[in-house]
Structures are given as structure tokens and as C-alpha cells.
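Asker: Submitted below is the structure of interest, expressed as C-alpha cells.
The values are calculated or read from the model by the stated rules, or taken from the named source; none is laboratory data. What you see is a predicted model; the values in this text were computed from it and never measured. Cβ: placed from backbone, ideal geometry, glycine included. Neighbour counts: every protein chain shown. The protein model used for the area step is the full one, side chains on, heavy atoms only, and it has no ligands, DNA or RNA in it. Shrake-Rupley method; radii C 1.70, N 1.55, O 1.52, S 1.80 Å.
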Amino acid sequence: MATRPVEIGPAGVQAARNIERLRLARALSQHQLAERCTALGRPLTNTAISRTERARRRCDVDDLVTIAAALGVAPRDLLPRWTAPGVACRPTMQSLSLVQGALLG
């Protein structure tokens, strides 16, 4: 039985936009970004970068961390902001500690 690829959701689409935005802000070509990722030990081609930016290719966590390092940002800077109804914000260390405490008991 053939399987369908998993659709890229809104968080993946936003991450793709953020990768492209930051790459362009640093005046890097897709080829240059791919070379930086490869130099960091995660071989990526410019085609993979292009497909990732266009949300045609899923970006796994290893790719995300490497792309962030190649762009000189934290991985969280590629992810969408956390949102509550009507509020957009970045998580703080305090809010992350509260979530961790609630999850771990």
C-alpha cells in the first residue's frame, strides 16, 4: 500500500518562511547556506534548502538545528512564536520552567 507524505502544517510553513527571511537578511544564497550546513556535518544541497523554504520538504529537527547554526541564530528563532488566544509572545525561561514543572509534577 502506498503512503501519502505527511502534510506540512502551519508551524512548518512559518519555519520555512523564517529560514528564507534570515538567509536573505544575511545575503546568503541557498547554495552558500547548503555549504555551511554541510561544513557543520549535516550535508544539505541547495535543492534541499530551496524545497525546505518553499515548504515542499519537511525540515526535521536535525536540519533545523543545523540551519539555525549556519545562519547564526538559535533554533527557536526559526520556529513560530508561541501564541495564546489573541496574544503572540516568545516563551521566557520563567514560562518554560512553569511548563516543565507542570509536566513533571
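Asker: Those residues that are closer than 18 Å to Gly9 by Cβ and not basic (Lys, Arg), I need them from region 45-66; list them, please.
Answerer: Thr52, Glu53, Ala55, Cys59, Asp60, Val61, Asp63, Leu64
Asker: Every residue in region 50-59 that is open to solvent by less than 70 Å² (accessible area, probe 1.4 Å) and under 17 Å from Val6 (Cα atoms), please.
Answerer: Selection gives Thr52, Glu53, Ala55, Arg57, Cys59.
Asker: Within region 67-76, which residues are in contact (Cβ under 8 Å) with a residue 40 or more places away in the chain and either buried (at least 20 other Cβ atoms within 10 Å of the Cβ) or touching a Gly at 6+ places or on another chain (Cβ under 7 Å) (or both)?
Answerer: Ile67, Leu71
Asker: Next up: Pick out the one residue from Leu79, Leu22 that is modelled with pLDDT of 95 or more and either surrounded by fewer than 18 Cβ atoms within 10 Å (Cβ to Cβ) or aliphatic (A, V, I, L, M) (or both).
Answerer: Within the list Leu79, Leu22, the selection yields Leu22.
Asker: Of these, Arg36, Arg23, Arg56, Arg42, which one is touching an Asp or Glu at 6+ places or on another chain (Cβ under 7 Å) and free of Cβ contacts under 8 Å to residues at least 60 places away in the same chain?
Answerer: Answer to the selection: Arg42.
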